[in-house]
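The values are calculated or read from the model by the stated rules, or taken from the named source; none is laboratory data. Small disclaimer: the values here were computed from a predicted structure and weren't measured. Neighbour counts run over all protein chains shown; Cβ positions are idealised from the backbone, glycine included.
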Amino acid sequence: MNRLDQLYMRRALELAEWGRGHVSPNPMVGCVIVHQDRIIGEGHHHQYGGPHAEVNAVHSVENKDLLKEATVYVTLEPCAHWGKTPPCANLLVENQVKKVVIAAVDTNPLVGGKGIEILKNAGIEVETGVLEKEARWQNRRFFTQIEKHRPYVILKWAQTQDGFVARENFSSKWISGSQSRQLVHKWRAEEGAILVGKNTALHDNPNLNVRDWAGKTPMRVVLDAKLELPQNLTLFDQTIPTVCYNSKKSETQENLNFVNLGEQFGMHDMLKDLHSRKIQSLIVEGGTKVLSQFIEKSLWDEARVFTGKVKFGTGISAPILNQNPAETLSIGEDILNIYHHG
Ligand code: AOF
Ligand code: ZN
């Protein structure tokens, strides 16, 4: 692997990024085609169901004759299957490209190494693993869904200086500042679903919508095992698709699904059901009990924890993560710690 390989792959990752928010549940993919140290083509996967990155990149090359001496940099292994489009590996073979450099292998069972095999069998030189870590991070929701058969799980909470998420009466106003709260709306727009437990639903009566940011509204998910929540909560207003997991009944109303997961269901059962609904990522916004269950079962990927300036002295304790943050940022007057699991 040389420095230029990394440079071109970085450009491919940057192109892939344009697909964010438009390609899910597909991965974001970028592609750069280089001939004698000059970029002659670029492309990315624009939207779900549309042409793949390689197709767009090959089409952007003016002089197709140069492809025979060109190296293709792609952030994901070229596909080998007939999906919504013909296989990209075949396209590269037809154009007789010289070499293909891949960041991450596609662990989708439809592809999983078969793309590389097609290229190698056609005599094309293949190199893998260039900026692999970066590429897997960019598509961490996709890879988690494909490999773990569950959504990517982000835990989020705000705690006081002295480690409380709410007062004894469950009031949790004024822990984090307005900038942090706006950031949470941005985060919501980035995920497929947003979850709260019974106590949070009851005491905060949250909207769980995206108000302070432009973007998609995720599906709402609430846990209410015994169906004790009053039906006049905002969560049940049917303005946004909502799922209520419980041990009592399954019933579909317009935009509101009650799903009976049986007695004593766990977070795993819920994630399995969300997976079957093609939800690729979930942000868990509390409360402590629900967050702690995800932590205990090791069913989380990332945690984003705000620490505000206030102290409560007493109250409901924040969940505990026994590891160091990967990143620490200042958001207004708050501190934001980001943890990566494992
Ligand atoms: C590539 N290049 O740009 C993308 C790939 O439903 P389809 O036909 O769009 O196929 C989706 C699958 O193809 C997806 O799950 C992933 O395995 C791969 N995505 N592959 O060669 C691309 N977006
Ligand atoms: Zn493809």
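Could you please find all residues in region 39-70 being within 11 Å of ligand 1 (Cβ to nearest atom), in a helix (DSSP H, G or I) and not hydrophobic (A, V, I, L, M, F, W, C)? Spell out how you get there, then give the answer.
Step one: list which residues in region 39-70 are within 11 Å of ligand 1 (Cβ to nearest atom), which gives 43-57.
Now narrow it down to the ones that are in a helix (DSSP H, G or I): 53-57.
Residues satisfying the conditions are Glu54, Asn56.
Considering each residue of region 243-251 in turn, none proves to be surrounded by 15 or more Cβ atoms within 10 Å (Cβ to Cβ) and either under 24 Å from Ile338 (Cα atoms) or touching a Pro at 6+ places or on another chain (Cβ under 6 Å) (or both). Looking only at region 1-19, count every residue that is free of Cβ contacts under 8 Å to residues at least 40 places away in the same chain and surrounded by fewer than 18 Cβ atoms within 10 Å (Cβ to Cβ) and tell me the total. Qualifying residue count, region 1-19: 6.
If we scan region 204-214, do we find a residue that is in contact (Cβ under 8 Å) with a residue 40 or more places away in the chain, of a type in the set (A, V, I, L, M, F, W, C) and either closer than 14 Å to Asn255 by Cβ or not assigned by the TED database to the domain that holds Gln264 (or both)? Yes, some residue in region 204-214 is in contact (Cβ under 8 Å) with a residue 40 or more places away in the chain, of a type in the set (A, V, I, L, M, F, W, C) and either closer than 14 Å to Asn255 by Cβ or not assigned by the TED database to the domain that holds Gln264 (or both). In region 79-90, of all residues being outside any loop (DSSP other than H, G, I, E, B) and more than 25 Å from the chain's Cα centre (by Cα), the one that is nearest to ligand 2 (Cβ to nearest atom) corresponds to Ala89.
Could you list, in sequence order, the residues of region 71-96 that are away from ligand 1 (no atom under 12 Å from the Cβ) and buried (at least 24 other Cβ atoms within 10 Å of the Cβ)?
From region 71-96, those away from ligand 1 (no atom under 12 Å from the Cβ) are 71, 73, 93-96; that's our starting set.
Hit for region 71-96 is Tyr73, nothing else.
Scanning region 252-273 for residues that are touching a Lys or Arg at 6+ places or on another chain (Cβ under 8 Å), surrounded by fewer than 18 Cβ atoms within 10 Å (Cβ to Cβ) and farther than 21 Å from Leu233 by Cβ gives Gly266, His268, Lys272.
Residues in region 102-113 that are at pLDDT 95 or above and more than 19 Å from the chain's Cα centre (by Cα): Ile102 only.
Looking across Gln138, Gln145, one residue alone is over 22 Å from Arg11 (Cα atoms), of a type in the set (S, T, N, Q), surrounded by 23 or more Cβ atoms within 10 Å (Cβ to Cβ) and within 14 Å of ligand 1 (Cβ to nearest atom). It is Gln145.
In summary, strands (runs of 3 or more DSSP E) completely within region 91-210 and bearing 3 or more residues that are closer than 30 Å to Ile316 by Cβ and touching a helix residue (DSSP H, G or I) at 6+ places or on another chain (Cβ under 8 Å) occur at 152-159, 193-196. Might you let me know whether region 120-130 holds any residue that is surrounded by 16 or more Cβ atoms within 10 Å (Cβ to Cβ), closer than 19 Å to Leu15 by Cβ and either touching a Cys at 6+ places or on another chain (Cβ under 9 Å) or assigned by the TED database to the domain that holds Tyr8 (or both)? For region 120-130, residues surrounded by 16 or more Cβ atoms within 10 Å (Cβ to Cβ), closer than 19 Å to Leu15 by Cβ and either touching a Cys at 6+ places or on another chain (Cβ under 9 Å) or assigned by the TED database to the domain that holds Tyr8 (or both): present.
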